[in-house]
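Peer 1: Please see the structure below; I have some questions.
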Amino acid sequence: MSHGPSASAGAIIRSGHHDDAPYEPVFVGEAKVRLDELVKRYPRKVGALLPALWMVQEARGWVSEAGMAEVAAQLDVTPAYVKGVVTFYTMYNQHPVGKYLIQVCTTTPCHVCGAEDVVRAFLDQTGCGELGVTSEDGRYTVIEVECLGACGFATPVMVNSDFLESVSADRVADVLGRYR
Amino acid sequence: MGYPYKPHASETLVLSTHFGDPEARTLKGWKDRGGYRALETALGMDPAAIIGVIKESGLRGRGGAGFPTGLKWSFMKPDDGKPHYLCCNADESEPGTFKDREIMRWTPHALIEGCAIGAYAIGAETCYIYIRGEFTEPLQRMEDALAEARAAGIVGRNAMGTGKTINVWVHKGAGAYICGEETALMNSIEGKRGNPRIKPPFPAVAGVFGMPTTINNVETLTAVPHILNQGGAWYKNFARSDNPKSTGTKLWSVCGNIARPGNYEMVMGFPFGEFLRDICGGALPGRELRAIIPGGSSVPIINMEEADRALMDYEGMAAVGTMLGSAGCIVIDNAQSIPRQVARLARFYAHESCAQCTQCREGTAWTTKILERIVAGNGTAEDLDTLLDVADDMTGKTICVLSDSCAVPVVSALQRFRGDFEALITKKTVHTVPVVVS
Ligand SMILES: Cc1cc2nc3c(=O)[nH]c(=O)nc-3n(C[C@H](O)[C@H](O)[C@H](O)COP(=O)(O)O)c2cc1C
Ligand code: FES
């Protein structure tokens, strides 16, 4: 949830990268079979909502309104219901993000170990400049994330689904070299 | 143990024995190390007898609240004709805590075994392991291990050839600290927003999908096979002689400004000062330890005088005015500004509030705003009293305790380190903090 005067961590700022291409359904062929299997794990169809949204995000990089509508139709709920759920969770991208979404933990245990310097280094070296803004070349988006559950490996950083441990400011150039 | 996974001689390895050993991850490797013997024993026992052993062991929930596990299991009524559920809480998002991640990365089969035994004991045919979405590696390790366990017939329709159904599924979260709260977790499994529910009804009466449910932390369930293998009396022995209320071993995640961060498995009641200074290596070179948050960010912050006389169990931590919580120990040294760190913690809670309750939504946000203005040098003399006043409104008045959890570090920091806040207000200086090179 994001709300309140100073609760800005994690927000992705709408970036002009909306694609207007017609929506291609995700749940066809193997993906549909997979969804049908997931549904069986729950006594109610809607139990598979979070996994279905993950499937959309894995296929498309983000969850568009059309994606929400497709999930809604699959699970017999309304698109408005799905949107209500999507907006609760920080990991579903409601806007397209750069090729690499970089999430840096800055919660207190990492903060005392210098996480702010790591964030600064990422913002400077990606050209993003600001949190939540996608770089001009569409390559990077940098956001702060709350505790990643790896506090003994300060500072953990996620690049898409890669989980990197013990990233210090002086390792940032090296990390970015691997994500071009 | 610190990294790279070298145990200290004063640790007592039970859950962490195979941390750092990649072979323990596979089914074969796990069986070679004695895995799934406990499940086999359990499936031949009466569920009530299993609960009896867990009660005897004194095992208490490792997710934060410390509720006796055997007692919790006994709330599930056998033969009520309803489907029962077990939910394993692997949301691990309490700042400072990173032990469940290690259990799942290194010994995924240990958790599956604990889940299967727990499910059988409470009469559940389905167990959901709720893993936070950011844990990409633990998610993969658990899925891989579950695929092996299903293929080998350990879990599934005919678990271990006994004809019993024990399905274990991973449910991947999507970024929300609050989903670690047990009723929010159940809503999230049901495909809802992760808002906590009003209790009662308690989960054992109406839990996930409205059915009787037990929720247990990863570490709690992982301890179960060891207890069945070696007996309740064996586990109960890991305790101070004068305190039978806290038993067993506990994983302590130690992070922040400490020489050797890591997960240390300690017997209940070990002296905390010795632990921090000797086993974890004490302060970084040239620094001094100043404050400790011993049980994850939601417990009171203590000073070193208190830390040095604390004992590492539920009662020992309470005796110095704090809590064992999830044993996510955050170490803060003299190079840090305590008001600045508390302000960052408040921002965490403001970000993570589900915003259902007014006291929490407004309280966490205003606490953050006031603390940030103090840190920026714009605080006023009344601000500290306002903070305490807001904290009072946030305590004991909401559906879940996230609100209380934000108030706790603020109030405790004002009790122990008020001078730091006053200095910022009276001198109107912007606190600058030396850069820590990690
Ligand atoms: C805001 C909040 C966050 C929580 N986060 C977690 C968590 O990440 N992991 C966990 O095991 N318990 C967490 N808990 C505690 C659970 O509600 C619950 O008590 C616990 O999972 C029960 O398991 P146990 O008896 O084995 O400890 C949280 C509680 C609250 C109020
Ligand atoms: S605070 Fe950064 S991982 Fe926990």
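Since every read-out is calculated from the coordinates, none of them should be taken as a lab result. Since the model is a prediction, treat every value here as computed from it, not as a measurement. For neighbour counting, all protein chains shown are included, and Cβ atoms are generated from backbone atoms with ideal geometry for every residue, glycine included.
Peer 1: I'm trying to understand the selection: among the residues of segment B:256-296, which are in a helix (DSSP H, G or I) and of a type in the set (A, V, I, L, M)?
Peer 2: Matches in segment B:256-296: B:Leu276, B:Ile279.
Peer 1: Among the residues of segment B:157-183, write down those that are of a type outside the set (A, V, I, L, M, F, W, C) and under 28 Å from the mean Cα position of the chain (by Cα).
Peer 2: B:Asn167, B:His171, B:Lys172, B:Gly173, B:Gly175, B:Tyr177, B:Gly180, B:Glu181, B:Glu182, B:Thr183
Peer 1: Does B:Asn229 qualify as being away from ligand 2 (no atom under 16 Å from the Cβ), part of a loop (DSSP other than H, G, I, E, B) and either more than 30 Å from A:Val145 (Cα to Cα) or away from chain A (no Cβ under 14 Å) (or both)?
Peer 2: The answer is no for B:Asn229.
Peer 1: For B:Glu190, are the conditions met, namely being away from ligand 2 (no atom under 16 Å from the Cβ), acidic (Asp, Glu) and touching a residue at least 40 places away in the same chain (Cβ under 8 Å)?
Peer 2: So B:Glu190 fails the test.
Peer 1: Give segment B:99-128 a look and list any residue that's in contact with a strand residue (DSSP E or B) (Cβ under 8 Å, 6 or more places away or on another chain) and within 15 Å of ligand 2 (Cβ to nearest atom), or say none.
Peer 2: The answer is B:Lys99, B:Asp100, B:Glu102.
Peer 1: Which one of these is part of a loop (DSSP other than H, G, I, E, B), within 16 Å of ligand 2 (Cβ to nearest atom) and surrounded by fewer than 24 Cβ atoms within 10 Å (Cβ to Cβ): B:Gly96, B:Gly133?
Peer 2: Only one candidate passes the filter, namely B:Gly133.
Peer 1: Here's something else I'd like to know. What helices (runs of 4 or more DSSP H) lie completely within segment B:314-375 and have 2 or more residues being of a type in the set (Gly, Ala, Ser), surrounded by 24 or more Cβ atoms within 10 Å (Cβ to Cβ) and out of contact with any Pro (no Cβ under 8 Å at 6 or more places or on another chain)?
Peer 2: Once the helices (runs of 4 or more DSSP H) in segment B:314-375 are filtered for at least 2 residues that are of a type in the set (Gly, Ala, Ser), surrounded by 24 or more Cβ atoms within 10 Å (Cβ to Cβ) and out of contact with any Pro (no Cβ under 8 Å at 6 or more places or on another chain), what remains is B:338-352.
Peer 1: Looking at segment B:78-92, can you tell me whether even one residue there is closer than 21 Å to B:Pro261 by Cβ, at the interface with another protein chain (Cβ under 10 Å from one of its Cβ atoms) and in a helix (DSSP H, G or I)?
Peer 2: no
Peer 1: Between A:Thr134, A:Thr141, A:Thr126, which is polar (S, T, N, Q), away from ligand 1 (no atom under 16 Å from the Cβ), surrounded by fewer than 24 Cβ atoms within 10 Å (Cβ to Cβ) and touching a residue at least 40 places away in the same chain (Cβ under 8 Å)?
Peer 2: Answer to the selection: A:Thr126.
Peer 1: Looking at segment A:157-180, which of its residues are in contact (Cβ under 8 Å) with a residue 24 or more places away in the chain and either of a type in the set (Ser, Thr, Tyr) or within 16 Å of ligand 1 (Cβ to nearest atom) (or both)?
Peer 2: A:Ser168, A:Tyr179
Peer 1: Okay, moving on. Which of the residues that make up segment A:123-180 are of a type in the set (Phe, Trp, Tyr) and either part of a loop (DSSP other than H, G, I, E, B) or on the phi > 0 side of the Ramachandran plot (or both)?
Peer 2: The one that is of a type in the set (Phe, Trp, Tyr) and either part of a loop (DSSP other than H, G, I, E, B) or on the phi > 0 side of the Ramachandran plot (or both): A:Tyr179.
Peer 1: For the subset of segment B:235-255 comprising residues that are in contact with a Lys or Arg (Cβ under 6 Å, 6 or more places away or on another chain) and assigned to a strand (DSSP E or B), which member is nearest to B:Ile103 (Cα to Cα)?
Peer 2: Filtering segment B:235-255 for residues that are in contact with a Lys or Arg (Cβ under 6 Å, 6 or more places away or on another chain) and assigned to a strand (DSSP E or B), the one nearest to B:Ile103 (Cα to Cα) comes out as B:Leu251.
Peer 1: Please tell me if B:Gly81 is more than 11 Å from ligand 1 (Cβ to nearest atom), more than 11 Å from the chain's Cα centre (by Cα) and without any contact (Cβ under 8 Å) to a residue 24 or more places away in the chain.
Peer 2: Answer is yes for this residue.
Peer 1: I need the full set of residues from segment B:151-180 which are in a loop (DSSP other than H, G, I, E, B), in contact with a strand residue (DSSP E or B) (Cβ under 9 Å, 6 or more places away or on another chain) and either at the interface with chain A (Cβ under 8 Å from one of its Cβ atoms) or over 20 Å from B:Glu113 (Cα atoms) (or both), in order please.
Peer 2: The answer is B:Gly173, B:Gly175.
Peer 1: Could you check A:Phe88 against (1) within 13 Å of chain B (Cβ to nearest Cβ); (2) crowded, with 19+ Cβ neighbours inside 10 Å; (3) in a loop (DSSP other than H, G, I, E, B); (4) free of Cβ contacts under 8 Å to residues at least 40 places away in the same chain and say which number it fails?
Peer 2: That leaves (4) as the condition not met.
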